[in-house]
């Protein structure tokens, strides 16, 4: 497996662990619809949090959250609409980013709630 794929998988697991520690229930991982993949669908009380995980080994080229592009957001929204419809859910939906940066042997984790409103 390519090194960036390993880092991505490690980042997703760190994000899941982080969310569980903060009282989220993990509903789905790697949900796919058409060309979109939702990294994590989690629930905390009556909020369905759609989590895009971005992991980087350095911030030399920008922060991890800077790599979420408009087209990706559009695909995620479409996938989540389908997910909600297929599961007949009546919940508030929030789009978050968990940005992870490897610093030495450790990882810094930042949870950006309602992240897509900042674009």
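If you take the residues of region 1-45 that are touching a strand residue (DSSP E or B) at 6+ places or on another chain (Cβ under 6 Å) and modelled with pLDDT under 90, which of them is nearest to residue 79 (Cα to Cα)? My answer is 8.
Restricting attention to region 57-68 and to residues that are under 13 Å from the mean Cα position of the chain (by Cα) and at pLDDT 80 or above, the residue that is surrounded by the fewest Cβ atoms within 10 Å (Cβ to Cβ) turns out to be 65. Restricting to region 78-87, and then to whatever is in contact (Cβ under 8 Å) with a residue 12 or more places away in the chain and farther than 27 Å from residue 10 by Cβ, can you tell me which residue is surrounded by the most Cβ atoms within 10 Å (Cβ to Cβ)? This residue is 84. Taken as a whole, the condition of being over 20 Å from residue 114 (Cβ atoms) and surrounded by 13 or more Cβ atoms within 10 Å (Cβ to Cβ) applies to residue 7.
Filtered by the rule that a residue be in contact with a strand residue (DSSP E or B) (Cβ under 9 Å, 6 or more places away or on another chain) and modelled with pLDDT of 90 or more, region 103-119 gives 107, 108, 109, 110, 111, 112, 113, 114.
Find all pairs meeting these conditions: Cβ atoms under 6 angstrom apart; at least six residues apart or on different chains; first residue within region 10-35 and within 22 Å of residue 82 (Cβ to Cβ); second residue assigned to a helix (DSSP H, G or I). From residues that are within 22 Å of residue 82 (Cβ to Cβ), the pairs are 26/16; 33/79; 33/82; 35/75.
The values are calculated or read from the model by the stated rules, or taken from the named source; none is laboratory data. Bear in mind that the values here come from a model prediction, so they are computed numbers and not experimental data. Every residue, glycine among them, receives a Cβ derived from its backbone with ideal geometry; neighbour counts consider all protein chains shown.
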